[in-house]
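Colleague: Sending over a structure as structure tokens; questions will come in a sec.
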Amino acid sequence: MKIFATSDTHNDKIILQKLKQFTDNNDNFDYIIHCGDIGGKDKNTRSLIEFGQHQKEQYENFINQFPNIIHILGNDDWFETENNMHINKYPDYFYYNYDIVSFELVHITPFNTNREANENKIWYELNKLNANFPINSDSIIIAHDPPYDCLDMTSRNIKVGSKSVREYIEKREPKLWLCGHIHESFGVNNIGDTGVFNCACSPELHLLRGWVIDTDTLDYEKVII
């Protein structure tokens, strides 16, 4: 199947306009995937509760624009949703003989954001993914956090990905690990036979970024608009 994967749009109006135009003009994708951080970073709200409510309104607008995008939530998304295109339980979807699985936790950051966990917790939750079906080369994992030492370098030249995620990928070898989170490390790499794609947009530069991926051949094309 052919997918387009992006991440970290952060309610940037210019990026969302570009995403709408790009997806409207390319109707040959089987699925469009968003790897979290849909909400913006509006600092004018007076409390975290008010901020979450404001983000929920942004999210509703996002869903109205993109009702068919499969998505997860990221560490900067301070709300919850039961929208049927939000996947946060395993197994959620079985498309074209691939298990599409979600994982929303991220390694602890200095900023005390949402959905953070230490490495022990991440390892524990990752291994729960195998409760119903094994994670293997037919699995596509939609995550927010990149693995350690793979598309996880910040602007301060610090690697901040999860070591538990990396160990899990090395052990289970899913077909794809789609992520975002670290805007500076948009790119593609491999861990063993697993294709790792950091799909993060650049709200700082109002750039839509993502990857068009053929999941059968693993051919891919970079998208930067």
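Colleague: Going through segment 97-119 one residue at a time, which ones are among the aromatic types (Phe, Trp, Tyr), in contact with a strand residue (DSSP E or B) (Cβ under 8 Å, 6 or more places away or on another chain) and either closer than 20 Å to Ile38 by Cβ or not in a strand (DSSP E or B) (or both)? So that I can check it myself, show each step before the final result.
Modeller: As a first pass, look at segment 97-119 and keep what is among the aromatic types (Phe, Trp, Tyr): 98, 103, 111.
If we keep only those that are in contact with a strand residue (DSSP E or B) (Cβ under 8 Å, 6 or more places away or on another chain) too, we end up with 98, 103.
The one that is among the aromatic types (Phe, Trp, Tyr), in contact with a strand residue (DSSP E or B) (Cβ under 8 Å, 6 or more places away or on another chain) and either closer than 20 Å to Ile38 by Cβ or not in a strand (DSSP E or B) (or both): Phe103.
Colleague: Separate question: Applying the selection to segment 51-91, what residues are farther than 21 Å from Ile182 by Cβ, in contact with a Gly (Cβ under 8 Å, 6 or more places away or on another chain) and either small (Gly, Ala, Ser) or in a loop (DSSP other than H, G, I, E, B) (or both)?
Modeller: Residue satisfying the conditions is Phe79 alone.
Colleague: If you scan segment 115-140, which residues turn out to be more than 18 Å from Gly161 (Cβ to Cβ), surrounded by 15 or more Cβ atoms within 10 Å (Cβ to Cβ) and out of contact with any helix residue (DSSP H, G or I) (no Cβ under 9 Å at 6 or more places or on another chain)?
Modeller: Matches in segment 115-140: Asp138, Ile140.
Colleague: Still on this structure, I have one more. Kindly indicate whether Asn11 is modelled with pLDDT of 95 or more and farther than 16 Å from Trp211 by Cα.
Modeller: Details: modelled with pLDDT of 95 or more: yes; farther than 16 Å from Trp211 by Cα: yes.
Spelling it out, Asn11 is indeed modelled with pLDDT of 95 or more and farther than 16 Å from Trp211 by Cα.
Colleague: Determine whether segment 125-133 contains at least one residue that is touching a residue at least 24 places away in the same chain (Cβ under 8 Å), part of a loop (DSSP other than H, G, I, E, B) and out of contact with any strand residue (DSSP E or B) (no Cβ under 8 Å at 6 or more places or on another chain).
Modeller: Yes, segment 125-133 contains a residue that is touching a residue at least 24 places away in the same chain (Cβ under 8 Å), part of a loop (DSSP other than H, G, I, E, B) and out of contact with any strand residue (DSSP E or B) (no Cβ under 8 Å at 6 or more places or on another chain).
Colleague: If I go through segment 15-58 residue by residue, how many of them are within 20 Å of Phe4 (Cα to Cα) and not aliphatic (A, V, I, L, M)? Please lay out each step first, then the result.
Modeller: Just the residues of segment 15-58 that are within 20 Å of Phe4 (Cα to Cα), to begin with: 15-39.
Imposing the further condition that a residue be not aliphatic (A, V, I, L, M) reduces the set to 17-18, 20-31, 34-37, 39.
Number satisfying all stated conditions: 19.
Colleague: Could you tell me which numbered condition Gln65 fails, if it satisfies all but one of (1) out of contact with any Leu (no Cβ under 7 Å at 6 or more places or on another chain); (2) farther than 17 Å from Asn114 by Cβ; (3) not aliphatic (A, V, I, L, M)?
Modeller: (1)
Colleague: Name every residue in segment 1-60 that is aliphatic (A, V, I, L, M), surrounded by 17 or more Cβ atoms within 10 Å (Cβ to Cβ) and closer than 23 Å to Ser102 by Cα, in order of residue number. Give the derivation first.
Modeller: In the first step, residues of segment 1-60 are kept if they are aliphatic (A, V, I, L, M); the result is 1, 3, 5, 14-16, 19, 32-33, 38, 48-49.
Right, trim to surrounded by 17 or more Cβ atoms within 10 Å (Cβ to Cβ) and you get 3, 5, 15-16, 19, 32-33, 38.
Of everything in segment 1-60, those that are aliphatic (A, V, I, L, M), surrounded by 17 or more Cβ atoms within 10 Å (Cβ to Cβ) and closer than 23 Å to Ser102 by Cα turn out to be Ile3, Ala5, Leu16, Leu19, Ile32, Ile33, Ile38.
Colleague: Please verify whether segment 16-33 includes one or more residues that are touching an Asp or Glu at 6+ places or on another chain (Cβ under 6 Å) and not β-branched (Val, Ile, Thr). Working first, answer last.
Modeller: Of all residues in segment 16-33, those touching an Asp or Glu at 6+ places or on another chain (Cβ under 6 Å) come to none.
Checking segment 16-33: not a single residue is touching an Asp or Glu at 6+ places or on another chain (Cβ under 6 Å) and not β-branched (Val, Ile, Thr).
Colleague: Would you check which residues across segment 210-225 are in contact with a strand residue (DSSP E or B) (Cβ under 8 Å, 6 or more places away or on another chain) and within 21 Å of Met1 (Cβ to Cβ) and list them?
Modeller: Narrowing segment 210-225 to residues in contact with a strand residue (DSSP E or B) (Cβ under 8 Å, 6 or more places away or on another chain): 210-215, 218-225.
Correct list: Gly210, Trp211, Val212, Ile213, Asp214, Thr215, Leu218, Asp219, Tyr220, Glu221, Lys222, Val223.
Colleague: Restricting the search to segment 134-165, which residues are part of a strand (DSSP E or B) and either farther than 23 Å from Phe186 by Cα or without any contact (Cβ under 8 Å) to a residue 40 or more places away in the chain (or both)?
Modeller: The initial filter retains those residues of segment 134-165 that are part of a strand (DSSP E or B), namely 139-143, 147, 153, 159, 162.
Answer for segment 134-165, where residues must be part of a strand (DSSP E or B) and either farther than 23 Å from Phe186 by Cα or without any contact (Cβ under 8 Å) to a residue 40 or more places away in the chain (or both): Met153, Lys159.
The values are calculated or read from the model by the stated rules, or taken from the named source; none is laboratory data. It should be emphasised that the depicted structure is a prediction, and the values quoted were computed from it without experimental measurement. Positions of Cβ are backbone-derived with ideal geometry, glycine not excepted, and every protein chain shown enters the neighbour counts.
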